[in-house]
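The values are calculated or read from the model by the stated rules, or taken from the named source; none is laboratory data. In this text, all values refer to a predicted model and were calculated from it rather than measured experimentally. So basically every Cβ, Gly included, is an ideal-geometry build from the backbone, and we count neighbours across all protein chains shown. All accessible areas refer to the heavy atoms of the entire protein, side chains included, with ligands and DNA or RNA removed. Shrake-Rupley method; radii C 1.70, N 1.55, O 1.52, S 1.80 Å.
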Amino acid sequence: MKTSAWYKTIIYSLLVLFSIYFLFPFIWIVLTALKTESEVYQYPLVFFPGNWRFSNFVDAWNAQPFSKYLLNSITITVLTTIGQIISCSMIAYGFSRYEFKFKNGLFILLLATMMIPWDVTMIPLYMQFNLFGWINTLKPLIIPAFFGSAYYVFLLRQFLMGVPKELEHAAKIDGANDFQTYSRIFVPIMKAPLTLIAVLNILSVWNDYLGPLIFLQDRSKYTLALGLAAFKGVHELQIIPIMSITILMIIPPVIAFLFAQKYIVEGISGAIK
C-alpha cells in the first residue's frame with residue numbers, strides 16, 4: 001500500500017509539473033495582456049501586473065472591426081461543422097453498411113485524396129470558384145464542407161464497422177426505411193465520433209488563415225484569424241493589444257474542447273476499434 005501511495009504521488013507530481021510547463025506560456029500571455037506598457041518593458045521582469053487593466057481587451061477589440069470578424073468566423077465555423085457532420089455521416093454510413101460495385105475501389109480513391117496537399121489544389125480551386133463568381137464571398141469557405149472530408153469519413157466508417165448488423169435488421173422488421181434507420185438509429189449511435197469531428201472541424205476552421213487569405217478581399221468579410229494577422233501588421237511593436245486579441249481568439253476553441261473532451265476520447269477509441 002505504501003509503495004502504491006508513493007507511486008501515485010510521484011506520478012501526480014510529474015503530471016502537475018508537466019501541466020505547469022505547458023500552461024506557463026498561456027498564463028504569461030494572459031498576465032502580459034493585463035499589464036501597462038511600462039510593466040511590459042520593465043527590467044527585471046514583472047510577472048504579475050501591478051494594476052490589472054482589463055480595459056486592454058476592450059481597447060484592442062475596438063481598434064478594428066473585430067465584432068464583424070467574429071460574426072464571419074462564427075458563421076463559417078457553424079455552417080461548415082453542420083455540413084461536415086451531415087455529409088460525412090451519410091457517406092460513412094453508405095460505405096460501412098451497403099454493398100455495391102467498386103465499393104472498395106471508391107473508398108481507396110477517397111482516402112487517396114488525403115495525400116494531396118491543399119497547396120496543390122489551391123490554384124485550381126481558385127479558378128473554379130472564380131468561374132462560379134464566389135471569390136470575395138464566404139461560399140468557398142462553407143460550401144465544400146457539405147461534400148465531406150476523407151479523414152472524417154474514414155473515422156466514422158471505422159466506428160460504424162463495429163456496429164452489429166442486427167440493428168438494421170430489427171429496424172427493417174419494424175418498418176423503417178433506409179433514411180429512418182440512418183437518422184433514428186445510427187446518428188444517435190455516432191454521437192461520440194460526430195462530436196469529435198465537430199471539435200476537430202471547429203479547431204481547423206476557426207484557426208484557418210490561408211483559406212480566407214486566398215478567397216477574401218474585402219476587409220468586411222475577414223475572419224478573426226485574418227483580422228488578427230492584419231492587426232499584428234499594424235500593431236507590430238505593441239505587445240499588449242496583440243496579446244489581448246490572441247487571448248480572445250483562442251477562448252472559443254478551448255471552451256469547445258473542454259466541454260467535448262469526454263466524447264473526443266470515446267470517438268477516437270471507437271474509431272480505432
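Report, to the nearest whole %, how much of the accessible area of the chain belongs to carbon and sulfur atoms, 1.4 Å probe, protein only.
Details: 11700 of 16650 Å².
The value for the chain is 70 percent carbon and sulfur by accessible area.
Between the helical axis of 103-112 and the dominant principal axis of the chain, each derived from Cα atoms, what acute angle in degrees is found, rounded to the nearest 10?
Approximately 20 degrees, to the nearest ten.
Using 7 Å Cα-to-Cβ label points, what is the residue 136/residue 167 separation (nm, one decimal)?
Each label point is offset 7 Å from its Cα along the Cβ direction, giving 4.8 nm.
For the range 201-248, state which trypsin sites (Lys or Arg not before Pro) are in a DSSP loop and have at most 10 other beta carbons lying within 10 Å of their beta carbon.
Nothing satisfies the criteria.
Leaving out ligands and nucleic acids, and using a 1.4 Å probe, what accessible area per residue does the range 88-146 come to in Å²?
Counting only protein heavy atoms, the per-residue value for the range 88-146 is 65 Å².
By how many nm would the segment from residue 125 to residue 46 lengthen if fully extended, with 0.36 nm per residue of separation less the alpha-carbon distance?
23.5 nm
Mind ordering 47-56, 7-16, 70-79 by average Cβ neighbours within 10 Å, highest first?
70-79, 47-56, 7-16
Rounded to the nearest 0.05, what FRET efficiency do residue 63 and residue 183 give with R0 = 35 Å and r taken as the Cβ-Cβ distance? Could you check?
According to the calculation, E is roughly 0.15.
Most mobile of 222, 21, 41 per a Gaussian network model of the chain (Cα springs, under 10 Å)?
Highest fluctuation among the options: 21.
Give the cross-link partners of residue 191 among the lysines, using a straight C-alpha distance below 26 Å as the criterion and excluding same-chain residues fewer than 8 apart.
Straight-line reach from residue 191, under 26 Å: 103, 165, 172, 262, 273.
The range 73-176: D in µm²/s via Stokes-Einstein (Kirkwood Rh, Cα pairs, 37 °C, 0.692 mPa s)?
Values: Rh = 15.8 Å.
Rounded to a whole number, D works out at 207 µm²/s.
Nearest 10 degrees, 0 to 90: what angle lies between the long axis of helix 239-272 and the longest principal axis of the chain (Cα atoms)?
30
Rank 167, 203, 34 by mean-square fluctuation in a GNM of the chain with C-alpha springs under 10 angstrom and give only the top-ranked residue.
Among 167, 203, 34, the largest mean-square fluctuation in the Gaussian network model of the chain belongs to 167.
For the chain, divide the Cα radius of gyration by the Kirkwood radius and give the resulting Rg/Rh value with two decimals.
Computed over Cα atoms, the ratio is 1.07.
Give the calculated FRET efficiency between residue 106 and residue 257 to the nearest 0.05, with a Förster radius of 41 Å applied to their Cβ-Cβ distance.
Numbers: r = 33 Å, r/R0 = 0.81.
Between residue 106 and residue 257 the formula returns 0.80.
Put a dot 7 Å past each Cα toward the Cβ at residue 23 and residue 113; how far apart are the dots in nm?
According to this spin-label approximation, the distance is 4.1 nm.
Suppose we look only past 13 Å in the calculated P(r) of the range 36-103. What percent of the Cα-Cα pairs does that tail hold? Please report the intermediate quantities before stating the final value.
Working: 1774 of 2278 pairs.
Roughly 78 percent, once rounded to a whole number.
Would you mind telling me which residue in 61, 28, 206 has the biggest mean-square fluctuation in a Gaussian network model of the chain, where springs connect alpha carbons within a distance under 10 angstrom?
28
Which of 241, 43, 23 sits farthest toward the positive end of the charge dipole of the chain, with +1 on the Cβ of Lys and Arg and -1 on the Cβ of Asp and Glu?
Checking the options against the dipole of the chain, the answer is 23.
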